[in-house]
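As C-alpha cells, the structure follows; a few thoughts come after it.
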C-alpha cells in the first residue's frame, strides 16, 4: 500500500466521517494542467482544492497558472507535509488548512476542485449544499460524479488519467 494510502487509512479511524470518505489518490500535474486550460482563469484568481492531500494540486495551480491557491484536508499528516514542502519551496499565495471541507471558505473562489469518488451519498449531498457558497460564475470541477443540475450548469465532461486510472471530469459553472 502506498504511503499516502496508509496515512489516510490510519488517520481516518480517528476522524468523524465514514472511512470511505477518506480514500485518496493524487491528481497528476498533466491532468490538472489539462483541466485548468479548459477554464477562463486569470493570474491571481483563487483555486481551492477540497481534499488536497499533500497539496500537489495547490502547488500546480499556483506555479502553472499563477493562481492563488488554497487546500483543505482533514488528515493532519497531509497538511503537515504540504506545509513542510512550502517551508522549503517558499511559494507565496498558497495556504493549507486542516479542517473538514464542510468548513471551507469558498466565498472568493474562482475554481473549486473536488474528487468525491468514494463519498457516501449523504456526505456528497452535504458537499453539494456547501458548494452553494461558491460565487455565481465560478467553476467547480468534480471528478467521477456530477453535481446537482439545479444549482450548477454542466459545461463540459471529459475523461482524464489519475493515480487510480481513468475517471470522468465534470466542469460546472455555479448558477446565480
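Scanning segment 65-79 for residues that are part of a helix (DSSP H, G or I) and either at pLDDT 95 or above or surrounded by 21 or more Cβ atoms within 10 Å (Cβ to Cβ) (or both) yields 65, 78, 79. Pairing each residue of segment 71-84 that is on the phi < 0 side of the Ramachandran plot and touching a residue at least 40 places away in the same chain (Cβ under 8 Å) with any residue that is part of a loop (DSSP other than H, G, I, E, B) and crowded, with 23+ Cβ neighbours inside 10 Å, provided the two are 6+ apart or on different chains, yields C-beta distances under 7 Å for 78/53; 78/54. Look at segment 36-54: where a residue is touching a residue at least 24 places away in the same chain (Cβ under 8 Å) and on the phi < 0 side of the Ramachandran plot and a partner is in a strand (DSSP E or B) and surrounded by fewer than 18 Cβ atoms within 10 Å (Cβ to Cβ), sitting 6+ places away or on another chain with Cβ atoms under 8 Å, you get 38/156; 38/158.
One residue alone among 156, 145 is part of a strand (DSSP E or B) and either under 18 Å from residue 32 (Cα atoms) or in contact with a strand residue (DSSP E or B) (Cβ under 9 Å, 6 or more places away or on another chain) (or both), and that residue is 156.
Residue count for segment 159-176, restricted to those that are more than 21 Å from residue 25 (Cβ to Cβ) and in a loop (DSSP other than H, G, I, E, B): 2.
Within the span defined as segment 150-160, every residue fails to be surrounded by 13 or more Cβ atoms within 10 Å (Cβ to Cβ), within 14 Å of the chain's Cα centre (by Cα) and under 28 Å from residue 77 (Cβ atoms).
Looking across segment 84-121, the residues that are part of a helix (DSSP H, G or I) and buried (at least 16 other Cβ atoms within 10 Å of the Cβ) come down to 85, 86, 101.
The values are calculated or read from the model by the stated rules, or taken from the named source; none is laboratory data. These numbers were taken from a predicted model, which means no experiment stands behind them. Every residue, glycine among them, receives a Cβ derived from its backbone with ideal geometry; neighbour counts consider all protein chains shown.
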